[in-house]
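Engineer: Before I ask anything, here is the structure I am working with.
A short reminder: the numbers here are calculations on the coordinates, not readings from a lab. Only a predicted model underlies this, so the values are computations on that prediction, with no experimental measurement involved. Counting neighbours? That spans all protein chains shown, and the Cβs are built from the backbone with ideal geometry, glycine included.
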Amino acid sequence: MMGRVAVLGERARVADFGLAGALTLPAATADEVRRAWLTLPPDVLVVVLTPMAAKVLGPPRDRLTVVMGERAGVSR
């Protein structure tokens, strides 16, 4: 079974991951993060979270997650 990777968090930090084929889920507020998490498609196997999104969600239980470093995805 093949699955997708999703990247969830602030727009500036997740946008470029779409170029690599990831599903990008921009979320600027805690409510948007929670809503995006609850509506993840079933074929998403791994979710990359920005530090802000990780703080909002706490430790997820039903998906494999990775938290970005503080500087990942930030353009200079």
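Engineer: Assign one of three labels to the chain, namely rounded, prolate or oblate, based on the Cα gyration tensor with a ≥ b ≥ c the square roots of its eigenvalues; rounded applies when a/c is under 1.5, prolate when it is not and a/b is larger than b/c, and oblate otherwise.
Structural biologist: Numbers: a/c = 1.58, a/b = 1.14, b/c = 1.38.
Because a/c hits 1.5 or more and a/b fails to exceed b/c, the chain counts as oblate.
Engineer: Please give the calculated 222 nm ellipticity per residue for the chain, where each DSSP H segment of at least 4 residues contributes -39500 (n - 2.57) and the sum is spread over every residue; nearest 500 deg cm²/dmol? Don't skip to the answer; put the middle values down first.
Structural biologist: Values: 3 runs with 20 residues, N = 76.
After summing the helix terms and dividing by the residues of the chain, the value is -6500 deg cm²/dmol.
Engineer: Restricting to the chain, what percent of DSSP beta bridges are antiparallel, rounded to 5? Don't jump to the answer; show the numbers that get you there.
Structural biologist: Details: 0 of 13 bridges.
So the antiparallel bridges in the chain amount to around 0 percent.
Engineer: What residues qualify as long-range amide H neighbours of Val44, i.e. H under 5 Å apart, gap of 5 or more or another chain, H built at 1.01 Å from N?
Structural biologist: Arg4
Engineer: In addition: Starting from the amide H of Leu23, placed 1.01 Å from N in the peptide plane, find each other amide H under 5 Å away whose residue is 5 or more places distant or on another chain.
Structural biologist: Result for Leu23 returns Val5, Ala6, Val7.
Engineer: Continuing with this model, one more query. Place a point 7 Å from Cα of Leu19 in the direction of its Cβ. Which residues in the range 28-55 have their backbone N less than 18 Å from it?
Structural biologist: Hits in the range 28-55 for Leu19 at 18 Å: none.
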